[in-house]
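**Q** My questions will all concern the structure given below.
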Amino acid sequence: MSQMQIRDVIHGSISVDSHELPVIDSKYFQRLRQIRQVGFAESSFPSATHNRFIHSLGAMETATQAFDAVFRNTETHSETILSASKKERFRQTLRLAALLHDIGHGPLSHTTEFSMPDIKELRLPAALNSLLKGKPRKATHEDYTLKMILDSGLTPLIQKAGLTHGVTPVHVAALIEPRLPVTDDFFIEGIDFRPILAQLISSEIDADRMDYLRRDSLYTGVSYGQFDFNWLLSNLTYHSWNGKCYLSLQHRALYAFEDFLISRFHMFLMVYFHHKSVVYDEMLAQYFSSKDCNYRLPTDIEEYCEHDDAHLYAHLAKSQNEWARRIFLKRPYQILIELHSGIPATKTARTEQELLLNKIKEALKIKGVHYLEVTSISELSKYFRKPADPIFVRYDNYYSTSSFIPLEQCTDLFQRYGEKRSITRLYVAPENIAACRELSPHLPLNY
């Protein structure tokens, strides 16, 4: 099987098989070149201009490395044996799923999900009816991803890419959307391997997070997203339980895993929730909710492929809407006050801050000054808040036997960081910032 090499700043060299090239070269995937990985973060971190295209390739490479690490000893593992043919089939399915996991992102990544249509208008395949739940809701980039994989001009390209190993678009989508029914025994060899493959796509230790944390940290110029990637990766393994195969971690890498979780937590608080990125997101949301806004993301996938960052900015450039003009001319509202939950440490001090916040909001109303109030919420993990496939920690003893213990029983990090963190900010127009600063000597300086 012939391969080509793609040079990458994170992985060095990413190998791409010849049968995967038509998928990568398609307009559906090439569109990701024009979509920023971290939305408006460039306003705060000027070098953060990397895109979803290279992140998706990086996720595929990370998923491949993780798969090879997990199943490197399957021939001698005491629990189960994965045949060479099935191993190659699962590896190919995982690579395609990781490659395409973000293909449905709208312009500026998560930022434009405000303008997505109702999910029913997207006309997802009947197999995905379980996503509708009978209730109206806006479509998400995940919905567009599934639509592209299962019902677009990309679908036959995926079919052809997986032909050698019997991989279909449904099998690829099944690793991205756990609720998608699979009617054949594709993932079965004695036990069900779908859970662990899906965990490598989306879980507390997935390829997506392992790539974007390292990549976003590098391009933003911060160190928060750094973690011991090689050690964490090399200690991944698997555990078969109740007829299914799940992701497992050697106990010696438990501290590396904890560091990985904290790195992600801090990246959200310090980078993804930076006050400048947040206010641009909010101004775009204000524009999308304006009566004179005529920007909508289409439901037709072929037309959707034409909507990227440049298309959005071209639209904003033509609009006379105040919010659109501020975004395009880089004249955002500026931060007036910022309040962090849990900081200061004492309840009395936090109460005083909240009173100050309310006092300033009331003063702004009296002055007739328009303001934006935005609260950004982050948490260490959703692992215990929603149903999820379990992750195990493997402990080996001196007698060459192993025990597998659920992850939540092996670390108290989830309890210590169990409380959500929130950052509440008030923003006002730059022309009002000087007059508003007299409201309190404790207001932060804009930076």
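**Q** With a 1.4 Å probe and every protein chain left in place, work out the accessible area per residue of the chain in Å², rounded to a whole number.
**A** Averaged over the residues of the chain, the accessible area is 45 Å².
**Q** Would you mind computing, in nm to one decimal, how far apart the modelled labels at ALA310 and SER289 are, each placed 7 Å from Cα along Cα→Cβ?
**A** 3.2 nm
**Q** What's the angle, to the nearest 10 degrees (0 to 90), between helix 52-70's Cα axis and the longest principal axis of the chain?
**A** Between the helix axis and the principal axis of the chain, the angle is about 40 degrees.
**Q** Along the Cα→Cβ direction, 7 angstrom out, place labels at GLU362 and GLN3. What is the inter-label distance in nm?
**A** 6.7 nm
**Q** Mind pulling the angle between the C-alpha long axis of helix 254-267 and the longest principal axis of the chain? Nearest 10 degrees, somewhere in 0 to 90.
**A** 30 degrees
**Q** Okay, next question. Modelled label-to-label distance, SER422 and TYR255, 7 Å Cα→beta-carbon offset: nm?
**A** 3.6 nm
**Q** Would you mind working out the magnitude of the charge dipole of the stretch 112-239 relative to its Cα centre, with +1 at each Lys and Arg C-beta and -1 at each Asp and Glu C-beta, to the nearest 20 Debye?
**A** 400 debye
**Q** Among all stretches of the chain without exposed GluC sites (Glu not before Pro) (DSSP loop, at most 13 other Cβ atoms within 10 Å), which one is longest?
**A** My reading of the result: 76-305 is the longest stretch.
**Q** First measure r as the distance between the Cβ atoms of HIS340 and ALA388, then evaluate 1/(1 + (r/R0)^6) with R0 = 30 Å and state the FRET efficiency to the nearest 0.05.
**A** Efficiency computed from Cβ-Cβ geometry: 0.60.
**Q** Enter the angle in degrees (range 0 to 90, nearest 10) between the Cα long axis of helix 84-100 and the first principal axis of the Cα atoms of the chain, meaning the one along which they spread out most.
**A** 10 degrees
**Q** While we're here: Which Cα, out of LEU99, LEU312, ALA435, lies furthest along the positive dipole direction of the chain (beta carbon charges, K/R +1, D/E -1)?
**A** Positive-most Cα among the choices belongs to ALA435.
**Q** Only one of the listed values, [x] 73, 53, 45; [y] 62, 52, 44; [z] 65, 46, 36, was derived from the coordinates as Cα extents along the principal axes in Å; which label is it?
**A** Label of the calculated value: [x].
**Q** Could you give the dipole magnitude of the chain about its Cα centre, charging the beta-carbon of Lys and Arg +1 and that of Asp and Glu -1, in debye to the nearest 20?
**A** The calculation lands at about 1020 debye.
**Q** With r defined as the distance between the Cβ atoms of ILE405 and ARG325 and R0 fixed at 60 Å, what FRET efficiency is calculated, to the nearest 0.05?
**A** E between ILE405 and ARG325, to the nearest 0.05, is 0.60.
**Q** If you don't mind, there's one more thing I want to ask. Could you rank the peptides 285-291, 421-427, 224-230 by their average count of other C-beta atoms within 10 Å per residue, with the highest value first?
**A** With the highest mean Cβ count within 10 Å placed first, the list reads 421-427, 224-230, 285-291.
**Q** Along the positive direction of the dipole of the chain (beta-carbon charges: Lys, Arg +1; Asp, Glu -1; about the Cα centre), which of ILE377, GLN65, SER217 reaches farthest?
**A** Final value for the positive-end residue is ILE377.
**Q** Cα centroid distance between the stretch 196-212 and the stretch 42-60, in Å?
**A** Result: 18 Å between the Cα centres.
The values are calculated or read from the model by the stated rules, or taken from the named source; none is laboratory data. All values derive from a computational prediction rather than experimental measurement. Cβ: placed from backbone, ideal geometry, glycine included. Neighbour counts: every protein chain shown. Note: areas computed on protein heavy atoms with side chains; ligands, DNA, RNA excluded. Shrake-Rupley method; radii C 1.70, N 1.55, O 1.52, S 1.80 Å.
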